[in-house]
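Below is a structure I'd like to ask you about.
A short reminder: the numbers here are calculations on the coordinates, not readings from a lab. Because the structure is a prediction, the values reported are computed rather than measured. In this analysis, Cβ positions are derived from the backbone assuming ideal geometry, glycine residues included, and neighbour counts consider all displayed protein chains.
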Amino acid sequence: MYHDHVLANHPGWKETYRVVRNRFYWVGQKNDVRLYVGACHVCACTKPLNARPDDPIRTRTPRQPWEVISIDLMGPYPRTAKGKSYILVATDCFSRWTEAYPLGTATTKTITETLFTFRLSTCVSQR
Ligand SMILES: [Zn+2]
């Protein structure tokens, strides 16, 4: 009632315990309230986790040119006379040098072939 009543608004276990403790007492009250709030389905589905993620997101800092790249695929655009309708953009995260490659189709095969043919064959892969 002091946690999941429509007017209670699902407070955390400490606030729920504070309100319950002001009105009632029983042995093991604190642990019971903590377990009750911890098992609340509504809280589990709607409240953010306060725990740190096991593997925090880290930035990946390249140490030399073309070690780390970011790619973007744009299109489809109107087809050119040479049959190209997509643009593959590859940016070197070390120098910010950007290259663009026209593509006829946007498939995994054409993208990887283009990257390996024009740039990745000269990249350093040490990671
Ligand atoms: Zn709740």
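List the lysines whose alpha-carbon lies under 19 Å from that of Lys14, not counting same-chain residues fewer than 8 positions away?
Lys30, Lys47
Find the relative contact order for the chain and round it to a whole percent, using C-alpha pairs within less than 8 Å whose residues are 6+ positions apart. If you can, show how the numbers build up before the last one.
On the way: 125 pairs, mean separation 19.5, N = 127.
Across the chain, relative contact order equals 15 percent.
Among Phe116, Phe94, which comes first, second and so on when ranked by fewest other beta-carbon atoms within 10 Å? If you can, show how the numbers build up before the last one.
Numbers: Phe116 11, Phe94 15.
Going from least to most buried by this count: Phe116, Phe94.
For a footprinting-style exposure proxy, rank Thr110, Thr61 by other Cβ within 10 Å, fewest first. Mind dumping the intermediate values first?
Numbers: Thr110 15, Thr61 9.
By the 10 Å Cβ count, ascending: Thr61, Thr110.
Could you work out the relative contact order of region 1-58, using alpha carbon pairs under 8 angstrom and six or more residues apart, expressed as a whole percent?
Details: 27 pairs, mean separation 15.1, N = 58.
The value is 26 percent.
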